[in-house]
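See structure below.
What follows draws every value from the coordinates through simple rules; no lab data is involved. Please read all numbers here as calculations on a predicted model, not as lab measurements.
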Amino acid sequence: MGGPDFGGAGIGALFNMLYDGLKELIGKNVIYKTLLKAIISRLDILHPLIKEIAKYNKDLDLPDKELENLKVGMEKGIELVHKCSKIRAWNIYKKYKYANKLLDWNESLLGLLDMLNVQGIRDVKGSSVSVRNIEKVVSRIESSLVLQYQDETEVWGAPPELPALVVGLDFPLKELKRKLLNLKDGVSMLVLTASGGCGKTTLATAFCQDQEVKDTFGDNIFFVTVSSNPNLERIVQELHLRRGSKVPTLGNEINAVKWLHHFLKEQGQNPLLLVLDDVWSGSESLLEKFDQFKMPNYKLLVTSRSEFRGFGSPYSLQSLDYHNAMKLFHHSASLGDKSSLIPQDLSRQMVERCKGFPLAIKVLGRSLCGQPIEIWKKRVIEWTRGSTVHDSEAELLLCLQSSLEALDKEMAIIKECFLDLGSFPEDQRIPAAALIDIWEELYDLDEDTECIANLYELTKRSLANVVVTRKENMEGDEYYNEHFVTQHDILRELAIYYSKLEPAEQRTRLIIDMRGNKLPKWWREQKHPLMKARLLSISTDGVFSGKWHNMQVPEVEVLVLNFQTENYALPESVENMDKLKALVVTNYGFLPAELSNFQLLSSLSNLKRIRLERISILSITKNPIELKSLQKISLFMCNIGQAFSNCSIPISSAFPNIEEMNIDYCHDLVELPAELCGLSQLKKLSVTNCHKLSALPEEIGKLTKLEVLRLKSCTDLVKLPGSMKSLKKLDFLDISDCFSIRELPEDIGDISNLRKINMRQCLRLEELPLSVLDLEQLKEVICDEETKYLWESFSSHLNNVSINVAKENINLNWLHHTQI
């Protein structure tokens, strides 16, 4: 059979033929499925532009050459898809021949805007509707393509996932739809109110994911968490980021309001749903800014513990009735067929104690899961000794408290880990990697896996949730940079409540949330000059001036600093924290911040770990210091640039004893600085998700003590240096998702201790060097079905090697977004 017949088809028709062909090829479950889905994702981004060009072609008066180039590109893609559909699974040569052809064509999509001569489109004179439409779409496409290779630590502006079991929300969901889906006569703003832990966010999420709602609003649904400290600038930036447009630099609230109205006006041309979740009392001025812009297509849903009656009649979400509460309890306690072993009256007492709060039911159920009946009865006895509380949220906290206190002595560390989660801001994902740094120092844990096991213990009890942004990172290679923890704000309140039970000077965990420059009274009045805290957490907002008051905390071993400003200075008190072992500094703003006072750390002889997030590294290397005790440094979403290269002292002198370095999602990193290869004690080096990284220094062979080298998702990395043959102690090499690597070092066999290689999605690898036969210690190779044959050809000589084909787990979200 011949190839496809285009018959003079137009651009729109060709696009549809290409798109349908790719879909059909994926549906046949043939080869290249992962790659094909990545191409589909990119076509989804380009589709609006193609539609506009096809619709307004006559008005645009585009040069014939540009249209012809576009058509040729489409036709080549269709022909390639057609040929791929004919390849037999056993034909290895053709599989890899066309894998490379697909990769090359996929790369050409990135240059599609150049081929369209977008600037030429913008230079078209006139103010026709067609040209304006094209301009808007092109702007959005450009932003989407820029964002495509940026990190995915969370999906900004998107609703969270629904829990596994949702009960009791059928009627409330119908009511929300009745009130909000009538675009002409319905309300424009609705406040969904209830006590904390009643399921407001779950209901709002279910509303956003309802098919009728999605049919009404399409992709024009935005979900923003506001929290107790509302920041209009950040909300506006988040909305623009979710839309895929360039995030504006605002500077002040006046500009934020202007950009908000611009966003609402543009998005409101089509039905628009905006959800403001977890809005706290006192946020009326914020709501006014969203409510004052009236449009028939614009609907605003607010969830809050407050009613905000100035914005219309609220909808009050009731707690669960007995039937649904019991259903959720049975599910949480995993009773199943075992329910007959627990007296019905005992289950009834448990459910009634929770007052219909879904959060309390889940936590209580999980705490009793698998426990003998005597533990259930003991819990009831403890409740009867307590006093009766009539305030609903106080009752909820007491119920949660009883579940927390039920952790026996063997689980005491789990309780401590739960309380540590309060060190991070409300409604923010907590990096598991940060918790590892904290817990290994506070609790003398030796392995990262012990910390992750503690997290799963908390998850098992519904005291936290573990979110893994890329499921393939659950393969057991102890890589946890894409593991995050989320927690209900009520549970965070419980953790902070516990931390405040003792007087400030006696607390082992000191958690300070500052509004502006307002200090806690005990700090302001200096009533307790010496504090005994082992963990100190200070969170500041976007208006904090950076001026610190003195604090005497000589016992602090872990310091957690959370901030939102563009410039931030370490507190002067750091200089006297002689026992400090771990420092975690997190910027929750959108852009990397300048960090000063870093030199204060130079006198700390016990400091072992530093984790910096969204920090300009150049700001701390201007005045370099020596940290001789430092063993681990982690840079997440930082700007590195030439910071290490321009440092006035060698990095090997600054960090002479460092054993582990993690560089993750640092998007300005093009070449790994050769200076890093002077870190003679380095055992673990992870440079991951740095999509612009194209080269490693030849000097990398100097890292003779290196045991782990992770280069995961460095998509522009072309090759590995030949000097890697000198890494005699290297145990694990991870080059997964390094799409551009075409070959392994010729002398890779000299890495005599290499035990494991992960080369998932290295689709351009066409052959292996013969020296792999010398990898006598190699035990495991992770690869794809398409690259498995490369190793099988050596299988008769590599008898002890297990070749594991990675399970396909498509999640293209990681290709997008948050770093600007």
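Please label the shape of the range 612-702 as rounded, prolate or oblate, based on the square roots a ≥ b ≥ c of the eigenvalues of the alpha-carbon gyration tensor (a/c under 1.5 means rounded; beyond that, a/b larger than b/c means prolate, else oblate). Before the final figure, lay out the partial values.
Values: a/c = 1.39, a/b = 1.16, b/c = 1.20.
Cα axes put the range 612-702 in the rounded bin.
In the structure displayed, which of LYS200/LYS289; LYS179/LYS214; LYS608/LYS692; LYS684/LYS728; LYS683/LYS725; LYS258/LYS294 lie more than 19 Å apart, Cα to Cα?
Working: LYS200/LYS289 22 Å; LYS179/LYS214 15 Å; LYS608/LYS692 30 Å; LYS684/LYS728 14 Å; LYS683/LYS725 16 Å; LYS258/LYS294 15 Å.
Pairs exceeding the cut-off: LYS200/LYS289; LYS608/LYS692.
Please give the contour-minus-distance gain from GLU175 to SER285: 0.36 nm per residue of separation, less the Cα-Cα distance, rounded to one decimal in nm.
Values: separation 110, 0.36 × 110 = 39.60 nm, distance 2.69 nm.
Extending this stretch completely gives an extra 36.9 nm.
Considering amide H positions built from the backbone, and no H for Pro or chain starts, which residues 5 or more places from VAL191, or on another chain, come under 5 Å of its amide H?
VAL302, TYR315
Mean 1/r over all different Cα pairs, inverted: what Kirkwood radius does the range 670-819 give, in Å? Display every interim value, and only then the final one.
On the way: mean 1/r = 0.0638 Å⁻¹.
Answer for the range 670-819: a Kirkwood hydrodynamic radius of 15.7 Å.
Figure the gain on full extension for LYS214 and GLN344 (residue separation times 0.36 nm, minus the Cα-Cα span) and round it to one decimal in nm. Provide the component values of the computation, followed by the final result.
Details: separation 130, 0.36 × 130 = 46.80 nm, distance 4.12 nm.
Full-extension gain reported as 42.7 nm.
Test of understanding: what is the full-extension gain from ALA13 to VAL670, defined as 0.36 nm times their sequence separation minus their Cα-Cα distance?
Result for the pair: 232.6 nm of gain on full extension.
Do the alpha carbons of any pairs in LYS378/LYS500; LYS377/LYS581; LYS355/LYS415; LYS729/LYS807; LYS705/LYS779 sit beyond 32 Å of each other, and which pairs?
Values: LYS378/LYS500 27 Å; LYS377/LYS581 43 Å; LYS355/LYS415 24 Å; LYS729/LYS807 29 Å; LYS705/LYS779 20 Å.
LYS377/LYS581, as the Cα separations exceed 32 Å there.
Using only the alpha-carbon atoms, what does the range 665-707 span along each of its principal axes? Please give whole angstrom values in decreasing order.
Reported extents, whole Å, longest axis first: 27, 17, 11.
Given the range 195-284 reduced to its alpha-carbon atoms as identical point scatterers, what log10 I(q)/I(0) does the Debye formula return at q = 0.18, 0.21, 0.25 Å⁻¹?
Summing over Cα pairs of the range 195-284 leads to -0.90, -1.13, -1.32.
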